[in-house]
There are 2 protein chains.
Amino acid sequence: MSSSPNPAPPYASLDDTDRAILAELAADGRLPNNALAERVGVAPSTCLARTRALHGCGAIRGFHAEVDPAAMGLPLQALISVRLSAHDRAVVAAFRARSVRLPGMVAVFHVAGADDYVLHVRAASADALRDFVLDHLAVDPAVQHTQTSLIFEQARGLG
Amino acid sequence: MSSSPNPAPPYASLDDTDRAILAELAADGRLPNNALAERVGVAPSTCLARTRALHGCGAIRGFHAEVDPAAMGLPLQALISVRLSAHDRAVVAAFRARSVRLPGMVAVFHVAGADDYVLHVRAASADALRDFVLDHLAVDPAVQHTQTSLIFEQARGLG
DNA sequence: ATTCAGCCCGAACAAAATTCGGGAGCATTG
DNA sequence: CAATGCTCCCGAATTTTGTTCGGGCTGAAT
């Protein structure tokens, strides 16, 4: 009923209005449709159709509240660099699929370089974080090596 | 009219309803208040008051659309590890404040370990990414060293 | 036992989302 | 050149949602 049904067409024709809508909604996901319409300079009905189309073609992937992790009892965050023992497509895809479902997982980055993945995770405590690494990563035969960096502070970018 | 006016009181008393609201809104930031109320098992008016309180006390920091970077003409993403040349509070704070305003910046992580910061950035092309590093990081006297890892793929976590 | 504070609810009101029919601009076509 | 079909946009009517407000319940302190 919601997400993107298309197999990712190349973003053919996004005009300035579309990009303005994306920028506004990225900054404030709860901007009312009529206020959004006024800001980007079209009628509310038009704006709604645009927004739906953007959502339908996958340009808008979803809307999310940004929640303070501490409020959910997960005050610790970490970036975990993961090096895999093999790099065939199947191993990599399987690791990714498994990773996104791990508890406390915020984001999974498949990166170029010495390490293969960087995982952004949340945890309730240092013990929980250690257990996370031991229980879910260290035991994984696809994982050769991990390095955990505690996040002192995180800030959203503006650009 | 919107953001958090309080100086961040420790999250004293969040009950199960509050946590349910946070979880639902983190998963779907556009869930109507009606539907949200039904899911967490309270009246719409109560739910609205709860949500406002959560927003007011900083537990909810904001709402944002998740936009496909490619749709905004920024198909490349990278994680840039940054090592600073000094670590006094002033230098670190200044770097953070500068970073969040850089164009294409998605998130700034202040981390423990050999590196001081990890920057998540978007760019229009490889050239633009190189220019970003050269123009904004390499020239910064506070920056001792950077290492850029291209992001092949990114996925949101579910837990 | 009474008072009081805090919380929750449900109905009334206001505001927003959504639908729908029609009109303007434009490229193709007879 | 005129006609056709297409796409996109708009604005009013309808439905859904957000929001306010007064009253009732529970539990603790007096």
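So the values come out like this:
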quantity: Spin-label pair B:D127/A:D131, simplified geometry with 7 Å Cα→Cβ offset, distance in nm; calculated: 5.3
quantity: Shape parameters for the range B:16-56, alpha-carbon atoms, Rg then Dmax in Å; calculated: 8.7, 22
quantity: Calculated FRET efficiency for the pair A:A114/B:A112, C-beta based, R₀ 22 Å, to 0.05; calculated: 0.70
quantity: Residue of chain A whose Cβ sits closest to the axis mapping A onto B, with distance in whole Å; calculated: A:G29, 3
quantity: Cleavage-rule hits (trypsin sites (Lys or Arg not before Pro)) in the range B:98-146: DSSP loop, at most 16 neighbouring Cβ within 10 angstrom; calculated: B:R101
quantity: The range B:16-56, relative contact order in percent, only Cα pairs under 8 angstrom and at least six apart counted; calculated: 39
quantity: Three principal axis lengths of the protein assembly as shown [C-alpha, angstrom, descending]; calculated: 49, 47, 46
quantity: Under-5 Å amide H pairs with A:S149, H placed in peptide plane, nonlocal only; calculated: A:L79, A:I80, A:S81
quantity: Rounded to whole Hz, the Karplus (6.51, -1.76, 1.60) HN-Hα couplings of the range B:56-64, x for glycine and proline; calculated: x, 8, x, 5, 9, 8, x, 10, 9
quantity: Radius, Kirkwood style, for the range B:54-104 when every pair of distinct Cα atoms is counted (Å); calculated: 14.4
quantity: Relative contact order of chain A, defined on C-alpha pairs under 8 angstrom at six or more residues apart (%); calculated: 23
quantity: Percentage relative contact order, the range A:8-77, counting C-alpha pairs under 8 Å, at least six apart; calculated: 27
quantity: Viscosity 1.306 mPa s, 10 °C: Kirkwood-radius Stokes-Einstein D of chain A over Cα pairs, µm²/s; calculated: 86
quantity: Cα gyration tensor category, rounded, prolate or oblate, for the range A:69-151 with a/c compared to 1.5; calculated: prolate
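Each value in this text was obtained by applying a stated rule to the coordinates, not by laboratory testing. In this text the structure is predicted, and so the values were computed from the model without any measurement. Here the Cβ is made from the backbone with ideal geometry for all residues, glycine too, and neighbour counts use every protein chain on show.
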